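**Q** The following block contains the structure, expressed as structure tokens.
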Amino acid sequence: MLGLKLPTDPRWVNLAEKQISEVLIDHAFCEQKAATSCITLIQSYPDKKELVKRLTPVVTEEWEHFRMVLQKLEEYGVPLGFQRKDEYVNGLLKFERKGGSRESRLVERLLTCALIEARSCERFRLLSRELRDEELRKFYHGLMASEAGHYRMFLDLAILYGEGREQVMARWDEFLKYEAELLASMTPRGDRVH
């Protein structure tokens, strides 16, 4: 369904479970950054009516997810801490084509967002199946469906604003291949969502 070219290293869940507090901290900031990214897209492209219409509720949803993760941190007695550099997202941003038309830059960013959501969905699925903590399994199962919907929405918007479905899907395939190479080059870390 997600089309990812490389599944997450099976060791990731075991590493994540050993550092679940760190994963939750990173996850909180991922949700905050997702809300901020949607706001930035709305601010940058207020003339794109469908984008504004579809992203506005996502801002609220992502911020609610941020609040939900903060609640989990509180339950575990873990302070939020400071945001850390996201090597994965920064790697994806480097792959975006710079320059070009305003619309082509929008499509690049939408594809990046779609890929982040797809990988988050895959990781949440793993957590929902393999964590020993039943409450956290349920928590991540609930978030998994949301991430899948966001992935699809960003991809649909890229197709809507791109120069034809075939061209956008060809670029999407390039993103998927690049993301697989990026992931393969990274050492699995259990203290991050990505």
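**Q** Just a yes or no: is a residue in region 178-190 within 25 Å of residue 54 (Cα to Cα) and buried (at least 19 other Cβ atoms within 10 Å of the Cβ)?
**A** Step one: list which residues in region 178-190 are within 25 Å of residue 54 (Cα to Cα), which gives none.
Looking through region 178-190, none of the residues is within 25 Å of residue 54 (Cα to Cα) and buried (at least 19 other Cβ atoms within 10 Å of the Cβ).
**Q** Take residue 80 and decide whether it is assigned to a loop (DSSP other than H, G, I, E, B), surrounded by fewer than 16 Cβ atoms within 10 Å (Cβ to Cβ), in contact with a helix residue (DSSP H, G or I) (Cβ under 9 Å, 6 or more places away or on another chain) and among the hydrophobic types (A, V, I, L, M, F, W, C). Don't jump to the end; show me each part of the working.
**A** On the way: assigned to a loop (DSSP other than H, G, I, E, B): yes; surrounded by fewer than 16 Cβ atoms within 10 Å (Cβ to Cβ): yes; in contact with a helix residue (DSSP H, G or I) (Cβ under 9 Å, 6 or more places away or on another chain): yes; among the hydrophobic types (A, V, I, L, M, F, W, C): yes.
So residue 80 fits the description; yes.
**Q** Let me ask something additional. Can you tell which of 9, 47 is at pLDDT below 95 and acidic (Asp, Glu)? Break it down stepwise before answering.
**A** Working: 47 fails: at pLDDT below 95.
The unique qualifying residue is 9.
**Q** Let me ask another. Anything in region 1-46 that is charged (D, E, K, R), farther than 21 Å from residue 92 by Cβ and crowded, with 20+ Cβ neighbours inside 10 Å? List them, or say none.
**A** Those that are charged (D, E, K, R), farther than 21 Å from residue 92 by Cβ and crowded, with 20+ Cβ neighbours inside 10 Å: none in region 1-46.
**Q** Suppose we keep only residues that are of a type outside the set (D, E, K, R) and assigned to a helix (DSSP H, G or I) within region 123-136. Which one would you say is surrounded by the most Cβ atoms within 10 Å (Cβ to Cβ)? Don't jump to the end; show me each part of the working.
**A** Of all residues in region 123-136, those of a type outside the set (D, E, K, R) come to 124, 126-128, 131, 136.
Still in the list and also assigned to a helix (DSSP H, G or I): 124, 126-128, 136.
Values: 124: 22, 126: 18, 127: 24, 128: 18, 136: 19.
Going through the qualifying residues, I end up with 127.
**Q** So, one more: Does region 48-77 hold any residues that are farther than 20 Å from residue 112 by Cα and part of a loop (DSSP other than H, G, I, E, B), and which are they?
**A** If the condition is that a residue be farther than 20 Å from residue 112 by Cα and part of a loop (DSSP other than H, G, I, E, B), then 76, 77 are the ones that fit.
**Q** Same structure, new question: Looking at (1) within 18 Å of residue 108 (Cα to Cα); (2) in contact (Cβ under 8 Å) with a residue 40 or more places away in the chain; (3) among the aliphatic types (A, V, I, L, M), can you tell me which one residue 42 breaks?
**A** Only one criterion is unmet by residue 42, namely (2).
**Q** Could you tell me whether any residue of region 159-166 is in a helix (DSSP H, G or I), at pLDDT 95 or above and of a type in the set (Asp, Glu)?
**A** Within region 159-166 (the criterion being in a helix (DSSP H, G or I), at pLDDT 95 or above and of a type in the set (Asp, Glu)), the answer is yes, since at least one residue qualifies.
**Q** Identify, from the list 89, 168, the residue that is closer than 24 Å to residue 61 by Cβ, surrounded by 13 or more Cβ atoms within 10 Å (Cβ to Cβ) and touching a residue at least 60 places away in the same chain (Cβ under 8 Å).
**A** On the way: 168 fails: closer than 24 Å to residue 61 by Cβ.
Just a single option satisfies the conditions, and that option is 89.
**Q** For the structure I just gave you, tell me whether residue 66 is of a type in the set (Phe, Trp, Tyr) and surrounded by 15 or more Cβ atoms within 10 Å (Cβ to Cβ).
**A** On the way: of a type in the set (Phe, Trp, Tyr): yes; surrounded by 15 or more Cβ atoms within 10 Å (Cβ to Cβ): yes.
Yes.
**Q** Turning to a different aspect of this structure: Name the single residue, out of those in region 145-165 being surrounded by 20 or more Cβ atoms within 10 Å (Cβ to Cβ) and of a type outside the set (D, E, K, R), that is nearest to residue 69 (Cα to Cα). Reasoning before the result, please.
**A** Narrowing region 145-165 to residues surrounded by 20 or more Cβ atoms within 10 Å (Cβ to Cβ): 147, 150-151, 154-155, 157-158, 162.
Filter once more, keeping what is of a type outside the set (D, E, K, R): 150-151, 154-155, 157-158, 162.
On the way: 150: 18, 151: 20, 154: 23, 155: 26, 157: 27, 158: 29, 162: 34 Å.
Residue satisfying both the conditions and the ranking: 150.
**Q** Working only within region 83-107, note down all residues that are within 18 Å of residue 181 (Cα to Cα) and part of a helix (DSSP H, G or I).
**A** Step one: of region 83-107, the residues within 18 Å of residue 181 (Cα to Cα) are 86-97.
87, 88, 89, 90, 91, 92, 93, 94, 95, listed by residue number.
**Q** Still on this structure, please answer the following. Looking at (1) crowded, with 18+ Cβ neighbours inside 10 Å; (2) more than 19 Å from the chain's Cα centre (by Cα); (3) among the polar types (S, T, N, Q), can you tell me which one residue 120 breaks?
**A** For residue 120, the failing item is (2).
**Q** So, one more: If residue 106 satisfies all but one of (1) buried (at least 16 other Cβ atoms within 10 Å of the Cβ); (2) under 19 Å from residue 13 (Cα atoms), what's the number of the condition it fails?
**A** With respect to (1) buried (at least 16 other Cβ atoms within 10 Å of the Cβ); (2) under 19 Å from residue 13 (Cα atoms), residue 106 is out only on (2).
The values are calculated or read from the model by the stated rules, or taken from the named source; none is laboratory data. Just so you know, these numbers come straight off a predicted model, no measurement behind them. Cβ coordinates were reconstructed from backbone atoms using ideal geometry, including for glycine residues, and neighbour counts include every protein chain displayed.
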